Structures are given as C-alpha cells and as structure tokens.
Amino acid sequence: MDPTQKKEINELAKKIAKNADAGKITTEELSTSTLVFKRITDGIYRQPSSALRELISNAYDADATRVVIETDAPRFDKITIRDDGIGLTDEALCWMIKYIGESPKRGWDGVKLGVVKKDDPKLSPGGRKLIGKIGIGLFAVSQLTKQFQIITKTRDSNHRTIADIVLATHSEDDIDKPEDKKKKKRPFKTGTVRIWRVPAYDKSAHGTEVILRNLLPRVRQELSSREIWVLCDPEQFILKGEEGELRKPPRYHIGCIHKDIQDRIQQPPKLPWDIKDSPKKKFEKLVQAVMNEYGLSKTNPSLEETLDNYLKLLWTLSLQVPVDYLEKHPFEITKHDDIMTFKLGNDKKSQAKEMVLGSKSIRQIMKLTSPERGRTQKFRVVVDGVELLRPISFSNMPITSHAISYPLLFVGKDRPSLDNIPEDIRGGRLAFEGYLFWNSKIVPKEHIGVLVRINDASGTLFDETFMKYPTSEQTRLRQITAEIFITEGLDAALNIDRESFNFAHPHYQYVSAWVHNSLRQFATKHKSIGKEVRESKQQKEWIHTMDAFERFVRKRLQEIRADSDFETMSVDFIKEPLDIQQKRKAGKLVFDYNQVFAEYVHGRRKTAKQLSEQAQFEAKVKAIARILDAFELFDNMTYERQQSLLSEIVAILSFEDKK
Amino acid sequence: MAREYEKNLHNEIYNLPPPEHVFPRKSRTIPKKTWKPWHKPRKQLIRSQQWCTQIGQLIDELDLVDRPLRYLSLPGEDLLDIRVIRRLCERKNVQLHCLGFDDGTYSPDTETELNISKNEVFQSPIIFPWSDVKKDDFAKISDENSQAYKEAKQHGPYDVINLDLCGSFSRTQEPSYYNALKKIIDDIQIRGRSQPWLFFLTTRAEIVEMNTDDLPHYWINLQNNVRRCDTFKARLDHLLDHRFDHINRNVQELQNLEQTKFGIFFALCIAKWLLQLMLSGSPIWKTEMLDSYCYRVDSATSPNMLSLSFRLRQVTESRRDLTGLADAQTTQNEQVDESALAIEALTKTESLVDIDKLLDENPALHNEMVKESEKLLDSARYPIKDYPSWADKKQKSLIRRLRK
C-alpha cells in the first residue's frame, strides 16, 4: 500500500465511523485498483489471432484501405503488420504508451489527438464507425512477444517516428514484504520504450507498421501447429520411446519446420491453392476446399479437422475483421439467388413474413445500412499473399435429403425505443440488423450459431448456443448460421478482451431476446414450410402412383376382355343417392360410397399419410369393381347386391387384427 | 535423467534471449551512419548505368501493363538498389514487386535500420504490396525444403535477379551459389516462363577469394571450346599467357597471372558456366553477356571486383511436320552455336569497363555520380553533408593507387 492509498483508506474509514456515530449512511464512489490493469497488460488473450485482429482493427480505425501482414510462416520468427492508414501523431503514440488500455477513441481526447472525426468521436477521421481501441492492441501483442517496434508516419509530416518497446513479464514476486515498508515502493513496470524520429522525404506517405520481433516459443509452436505434428510424427518432436496413437495431419496445412533447424521445412506444405493464384483466388480456394470436405471426408466437416492452426487463423481473422464477403453481403441477395426470404418482426407475437424480392435486393427493400464504412469503403487485408474475405456464402450450399431442399433466409432489424428506461441503466442507444440463414447442412460446423458484429467487426466467433436459446430443437438449430450487425450500442457490453460479452449488460440481454424471438419465428415458419413441402411431395407421389396403377388395371382389363368392342368402364363411389341414380341412368358404373366403405374404419381427423392410404385403398376397390364388371359378374345382379359384394370385399381387405 | 528432462522443459519455455531494445541501445541518440564501400560514386554508376539502363530496356520490351516487374536481390539494410529501381519504375509507371534476402548476420541495430527502410520504400504505391525482405541466406534456395526456397518460389519468376555479393560467387562455404542459382533457374525462372530476364552478378574476382575446387570444372567447360575453336583457343592463350593447359593441374599457375587478366578469366568462367547451363535443357535459353564492369576494392591496384550482367532469352523452335501435310514454309529456326556464343562472351569479358579509370578520366561523370549518390543516400537518411568530402578522399586514394 503506497502512502496515497493508505491516506485514502484511513480517511474513508474515519468517515464511515463518523457517519455511523451520527446515524448516517456513507456514500462513496467505487474505484478499481491499478494492479488489475497491470495484470491485464501482461496478457488476456488465448489465441495468437487476437493480437492480429486488434492490430487490424486499429488499422481500420485509422482509415487504412490496405493491411499487409507477413508472418514468416511456417518459421514464425517475426510478424509484420503494415497499413496505409493516417498514422499516429507523436501525441497519439504517447497516449498509447502512457495510458495502455485507455483508448482515446470514442472521446474528445481522441479529437485532440487526431484519431477520430472532429465533430463525432465515435467515427474515424474518414467517417468509419470505430471498431477498436488503441491501447488494446498492446495487450494483445504482449501475448505474442515481449519486444516489438512501431514505425509510423502521418501525411505531410517530414519525419517517421519509431518506438521500440520491451514489455516486462508480471511477477507476483514483486510484492513487497511487510518488513520492506521502509523501502520505497517499487513501481510496477509495464515495460520500457525508446522513441526517436528519422527524417522522411516522402511527405505524402502515411501509415503504421508494427513489427513483432522474437515471437515467444509457445506462440511459434501454436502457429506452426506443433501439437498436431507431435502426434503425427512423434519421432521428430518428442523424446524417443514415447508411445501413442499417431494422428493424420489435417488435410491442408503449411507444413512444419524442423524441430532443431529453424529454416528447414520438415514437412512440405499442402495448400488448397496454387502458389501463383492471386491473393483473392487463394482465399476462394481455401473456402472451396473446406466446403468440398462435405461428401469427401465427413458429413459434418469441421475447420478443426480440415485445417492446421495457421489456416484456421486466416479463417478466424476473415470472420472477425471488417472485410468484404467472399461473394456478396447477405443483404445484397436478390430473387436471382433462389433463396426464400422472410422478414422478421420485433414483437413477441410477430410471425415471419415472406418477402417478394422482385428486382430489388433485401437491403433496398428493408432499407438496411450495414456495414457503414464512411468515405473509405475499401478495406483489404492480405496475410502472406492471401486476401482475407468473409468466408460466408449462400450459393452452392450442400444438399441433403431434407424435405426442404432450398435455403431460407430470415432478415430483421430493430432499434428498440429505450426512452422509458432510466438513462443510467439502459446503456445508451441500441440498433442492429441481422439474419438467420437456414440450410439443411451448414459447412463448416463451426459456422453453426450466431455471430455478433459491432460496426462490422467481431471478436467473438459463432455462438452455437444462440445466446443460450432455451430449446430442445437441436436438429433445427444445427442448420442455422446467423449474423447480427450492431450499428449502434452493445460495445460497452464487450468484455475487455473484446472476445466475450458481459451477459448482464442490458444491450446484450436485448439482442439475445431478439435472437430468441427470431428463432421462434423461424421455427414456426420452418415447420409450416416443411409441412407444405411434405404434403406437396406426397401429393405428387400419389398422383404418380395412381397413374401407374391405372395403366396396370387397364392392361389387366384388356387381357380379360380381348374383344375389340369392350370399353373399360370407369367406376365411381358417390355419397349422394340422387347423383347415383342419375349416373346409373346415364349408363355409368357407380356405387354408394357409404354402403361400400361402411366397414372401412377411419377417424375424422387424418394425417396426410392416412389420406394418401385411404385414396390408394379406394382406388384398389374401384379396380376390383372394374375387374368384376369385365368378368360380367355384375350383369345379373341388382345394384344392391353389387354394393353388398363390394362391401364384403372392403371388409375383408380392411380387416385388422386388433389384438 | 529427470534433471535433464526438467532442464529441457525449462528450455522450451525460456528459450529466448531476454527482451531488449534493439536501437538505439548504448547511446540514447541515433548513431551516425558510417560510409561503406558501396556508397562510392562508382557503385552508383553501376546502379544507374548498368542496372537501371538494362532494366529500363527490359521493361520496354516486356510491356508490363498488367503485372509488376519482379525483382530478386540482396538489398542490404538500406535497400539502396530497390530505391534506385523504384525511381526507374516510377518513371516507367510500372509496379515493382521485390523480394530481398538478407542473411541476418547483421547486428540488431541494422535490423531496425532494415525495418525503417522497408517502411520507407514499401509504403510507395509503386511497390507491389506483398514485397518483402526475408532474413535468409540466398544460397539456401538450393534446398527445396528451406524457407528461402519457399519464399523465392512464391514471389517468382523474376524479371531481374541481382546477386550483389561482397565476396566471391565461387565460395568454399556451403551451400554454393551455383546450386542456388541453378535451383532458381530450374524451378522458378524457366518453368512456365518464356519472357527474357536479366541476371546481374557482383562478385570478388581474386584467386585467393575463390574456391579452387571449382577450377577443374571451369577448365573442363572451357576446354570444350578450346578443342573446337581455334579462335577461342588463341584468344584464351593470349589472355592466360599460354597457361591454360597447366591451370587444371596447378592452381599456382593462376596465382602468377596478372590480376586484371584473372578478373577477365573469372568473368569468362562464370559466363561460360551460365551459357552451358542455359543451353543444356529444352527449350534452350540463350545467354547474352551485356555491358559489364570491373573495379578495385580494399587496397588492390588492379580490378578485383566484377559487376557482370546477362540477358537470358528463350530460343523458340518452330514445329516440324514430319508427314509433310502442312506444306506452309517452315519458319527458319534461330541457329544457336555454343562456340559463337562463347566467343561473344570472351569478347565481352575482354572489354570489361574499368569504372575506376572511367571516373578518373571523366570528372564530370564522377561529379554526376557523386550527386546521384548523395541524393540516394540522403533518401536513406545518411548525413550527406560529409559525403562529398568522403567521396573525394576515397577517389584521391584510388587515383594514387591507379597511378602506381
């Protein structure tokens, strides 16, 4: 405890005692220990992709149009992230270093530092909705390395600024012992930085480059999928004598480096693209390779089994950062995409309504706005020559034997009016757009669930619980992939790692309620479409069967009555006695339905299957009647007797052993 | 045993030097950059008159509208060659895609310098975005399981390969440059490519610097021409003071050869090696030696460095209809005569331009190169105020040696 802390605590304790003596309540604002931030600085992430995601986010917020990342794969000695954004002014760089975690973005401090728009601190200078926080990138980087450099330049400046940063590793050993109280308290050292400038003659150049040097061994091992290769080829990686079941490498991988020789490739790469393909083509082929796994290796292909850690990292980043979709944004879907589309309602009793797209896109019909990227729409991220694109596409979906053979898309938007809720608990304004996409098979299986994007970026991946949707309909849920595009709010509900949400935040609760309500609407509509499809299918099958049966009966009749003048007579079962009489007068072979089928037992409510069975049964009885007529058995019988004969046949055919 | 295992486990986690600042380390000020031999005006002459002139002609010939110029080099931490070629590409309005190799033997300070240079150069829109400089030894390209090979393959094939060495192309250290270059040619340059390309080679040319094990190979390669062509034999005899027959058995013979002549001989050996290599497969490629230079390093009085340039062009062969059904006149195939090409190479090596002498005899050209160097070094943040006096001092020292 330092002298300031000691003083503050003593004063508050005295205040409590004094107020208690006077019968008063003490009111005090809560504050957080700086130690918490110190621990956070040391690293809060689990995945190497997090650092890259945060650095890409910073580039996006700096209005970059292009980010180039070189990872030195599969060696992973260093990683370089270079953008063509506005660059950091010396002041912005100083803020980042001195106030790690306290981003000046989204505040008026950011305006002064030139990192946000002058008249709206929630936007980048170029008008993009902000997705990152400057200081968070440092947290993330500390997970990968303890030493890195930042080289940055702003447009028209005559210098580049270089910051060489070395981070310290947090140690609990640093805690002072009570006997050291006379010793001056050691300040917690996050790290040190050396900053200098070099002259720049390319005045118009601008951007920031982050060079992550000497990646930690654990990070290198993870990026190079060492844990997989150990199981594939233990001889190469662990002590001889270890035994275990060998596993097959993932279908696609970047190969692996020799365990002792850093620049020697032990296992050559197996990539889904050709080395000469364009950056975009490479990514297209990666996605296609994963999609092709359905029907090739498994019915439920996963990224986990198909790709190594590095390729999964590319996939993860492409899902998280604000890049364009592989084909097009789901809101650009039109009638030509052959996807049945529905509009979701926002009330508890709303029902999804089918949308007729006509010549317009979903975006045009529903007036959807995401993503909003301000003036600079273009944002490309290229990692080792592979351009990241959102690996979500709605064409050429896998086909299964499911009754509904086409995909369904449910789209909605909401801007709840929270005016009635007190300002200090509503958490600010909230607005979002979203879709639920149903297909009988979602590939890869990691795409099952809902992915929430704030201003088109996401730190989370697909939440397969659909924000804890309480349902037993697991099969239907496993056929849905969904994205929610938050255009306003929810950012405060992100935990500090930006990879998970604070479930208690009202915005999160509202979005989750909306998702659940949408899932309910989807389920109702899906069931009803399924029913229609099944009935229609059965109807078609029945017609087909009846046609075949009619041809069969005619053939039998022609064989019975080979004489040329015999006309095969149709048979009708009619319920109205008057109609029966008239038709008999007209020479038709008709019978009283009620009498003939008196013994055919069936309930009032029938399923489609039962209706179909009944129709087939009646068709068979008709056929029997026509056969009997062809053998001229009806010729000397009264109508009553004819009907009795058929009634007996029906009774025999419909006999069921009730035991 | 247990302790050993524990130690290994520990090493897995802490197998890193303690993190430290790489620049500036000792001093809190930015260290002043020091002048290097390749900052002399004569190197600028090579950059400008050899590299840029020939690359400029190649750009015109290739008509690069839908792809960048691909350039492979050993750029050093200041990326001086890339800076010069970038300017050329800006004038020609052609994108430049470069891949550099730096073997990483430099200090951490120079690593930072490289990072800054990359930031300066690669931010230009004329530079193809996925350009990079890799911390690898170029020669390791010879091993297809190396990271260097993977990178070279990924960025190639190249319009220009510039092997700007300080030492000798014929080195004792493994892997050899022959293997690396052959691997690039086999796997990257000629596979699926038919357009011409340039090869620049800067190499030390002294008997004491070369791998003498290479000599018998060079000898055999030249012997074929000596046998077949009297002209070649006569000119080679003249060059080697009639020592050719003895060289194979006794390296000492070469050591007794005048350094200028050795330089020419070594240039010829390399030219002939490349010539036979490119003619050995199908389709064949013609190697044409372009204007090449020589100069002096260290305290040599005779040229002991070569700056060679070659243009490699695929020879196309028209189809032959053995049935005679296609009666259209067959296009005459280009005649490729190895002996004639060898004579051409010999002629070119005999006429190597001594750029130290050239600049000595042309003060105006020297001044022009000083100015160009100054501009280039200024862009790389060198304290150019001192440059003219340094360049002048070096030139005077060189002139003294030349007068000797």
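The values are calculated or read from the model by the stated rules, or taken from the named source; none is laboratory data. Please read all numbers here as calculations on a predicted model, not as lab measurements. Cβ atoms come from the backbone with ideal geometry, glycine included; neighbour counts cover every protein chain shown.
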Determine which single condition B:T260 fails, assuming it passes every other condition in (1) part of a loop (DSSP other than H, G, I, E, B); (2) of a type in the set (S, T, Y); (3) in contact (Cβ under 8 Å) with a residue 24 or more places away in the chain; (4) over 24 Å from B:Q57 (Cα atoms).
(1)
Complete set of residues in region A:201-213 that are facing chain B (nearest Cβ under 7 Å) and more than 24 Å from A:V381 (Cβ to Cβ)
A:Y201
Region A:327-372, residues that are in contact with a Leu (Cβ under 8 Å, 6 or more places away or on another chain), assigned to a loop (DSSP other than H, G, I, E, B) and within 30 Å of A:K122 (Cβ to Cβ):
A:I333, A:L344
Has region B:192-208 got any residue that is surrounded by 15 or more Cβ atoms within 10 Å (Cβ to Cβ) and farther than 30 Å from B:Q49 by Cα?
no
Please tell me if A:L368 is in contact with an Asp or Glu (Cβ under 8 Å, 6 or more places away or on another chain) and of a type outside the set (D, E, K, R).
yes
What residue, among those in region A:373-384 that are touching a residue at least 60 places away in the same chain (Cβ under 8 Å) and either under 23 Å from A:G127 (Cβ atoms) or in contact with a His (Cβ under 9 Å, 6 or more places away or on another chain) (or both), is surrounded by the most Cβ atoms within 10 Å (Cβ to Cβ)?
A:V381
Keeping to region B:81-137, report how many residues are of a type in the set (F, W, Y) and either touching a His at 6+ places or on another chain (Cβ under 8 Å) or within 10 Å of chain A (Cβ to nearest Cβ) (or both).
3
Determine which single condition A:F485 fails, assuming it passes every other condition in (1) surrounded by fewer than 22 Cβ atoms within 10 Å (Cβ to Cβ); (2) of a type in the set (F, W, Y); (3) in contact with a Lys or Arg (Cβ under 8 Å, 6 or more places away or on another chain).
(1)
Matching residues in region A:390-402 - criterion: being buried (at least 21 other Cβ atoms within 10 Å of the Cβ) and either touching a His at 6+ places or on another chain (Cβ under 7 Å) or β-branched (V, I, T) (or both):
none
Among (1) surrounded by 21 or more Cβ atoms within 10 Å (Cβ to Cβ); (2) charged (D, E, K, R); (3) within 13 Å of another protein chain (Cβ to nearest Cβ), there is one condition B:E144 misses while meeting the rest; what is its number?
(1)
Selection within region B:365-399 - among the β-branched types (V, I, T) and in contact with a Lys or Arg (Cβ under 9 Å, 6 or more places away or on another chain)
B:I384
Select from region B:284-308 the residues that are free of Cβ contacts under 8 Å to residues at least 60 places away in the same chain, more than 17 Å from B:I207 (Cβ to Cβ) and more than 16 Å from the chain's Cα centre (by Cα) and list them in ascending order.
B:I284, B:K286
Residue that is modelled with pLDDT of 70 or more and part of a helix (DSSP H, G or I), where the choices are A:V166, A:V111, A:V141:
A:V141
Criterion first (more than 14 Å from chain B (Cβ to nearest Cβ) and modelled with pLDDT of 80 or more) does A:G135 satisfy it?
no
Tell me yes or no: at least one residue of region A:381-392 is touching a helix residue (DSSP H, G or I) at 6+ places or on another chain (Cβ under 8 Å) and on the phi > 0 side of the Ramachandran plot.
yes
Can you tell me which of B:L215, B:L201 is within 30 Å of B:L346 (Cβ to Cβ), of a type in the set (A, V, I, L, M), in contact (Cβ under 8 Å) with a residue 24 or more places away in the chain and assigned to a strand (DSSP E or B)?
B:L201
Subset of region B:154-184 (residues that are part of a helix (DSSP H, G or I), out of contact with any helix residue (DSSP H, G or I) (no Cβ under 7 Å at 6 or more places or on another chain) and more than 14 Å from chain A (Cβ to nearest Cβ))
B:Y178, B:L181
Those residues of region A:590-631 which are at pLDDT below 85, exposed (fewer than 13 other Cβ atoms within 10 Å of the Cβ) and part of a loop (DSSP other than H, G, I, E, B), in sequence order
A:V601, A:G603, A:R604, A:R605, A:K606, A:T607
Among the residues of region B:1-56, what is the count of those that are at pLDDT 65 or above and not hydrophobic (A, V, I, L, M, F, W, C)?
22
Tell me which residues, restricted to region A:246-278, are crowded, with 20+ Cβ neighbours inside 10 Å, within 12 Å of chain B (Cβ to nearest Cβ) and either at pLDDT 90 or above or not in a strand (DSSP E or B) (or both).
A:I254, A:G255, A:D263
Working carefully through the options A:S370, A:S318, find the one that is buried (at least 21 other Cβ atoms within 10 Å of the Cβ), modelled with pLDDT of 95 or more, of a type in the set (G, A, S) and over 27 Å from A:K527 (Cβ atoms).
A:S318
Pairs please, first residue from region B:390-404 and assigned to a helix (DSSP H, G or I), second anywhere and aromatic (F, W, Y) and surrounded by 11 or more Cβ atoms within 10 Å (Cβ to Cβ), Cβ atoms under 7 Å, 6+ apart in sequence or on different chains.
B:W390/B:W35
Could you tell me whether any residue of region A:176-199 is modelled with pLDDT of 85 or more, in a loop (DSSP other than H, G, I, E, B) and closer than 30 Å to A:I86 by Cα?
no
Residue hits (region A:144-163; part of a strand (DSSP E or B), at the interface with another protein chain (Cβ under 7 Å from one of its Cβ atoms) and under 35 Å from the mean Cα position of the chain (by Cα)) are A:Q147, A:Q149
Among the numbered conditions (1) of a type in the set (D, E); (2) more than 8 Å from every other protein chain (Cβ to nearest Cβ); (3) within 18 Å of the chain's Cα centre (by Cα); (4) under 17 Å from A:P74 (Cβ atoms), tell me where B:E151 comes up short.
(3)
Kindly provide the set of residues from region A:444-481 that are in a loop (DSSP other than H, G, I, E, B), under 11 Å from the mean Cα position of the chain (by Cα) and not polar (S, T, N, Q), ordered by number.
A:P444, A:I448, A:L461, A:F462, A:E464, A:F466
When you look at A:E387, is it within 14 Å of another protein chain (Cβ to nearest Cβ) and out of contact with any His (no Cβ under 6 Å at 6 or more places or on another chain), yes or no?
yes
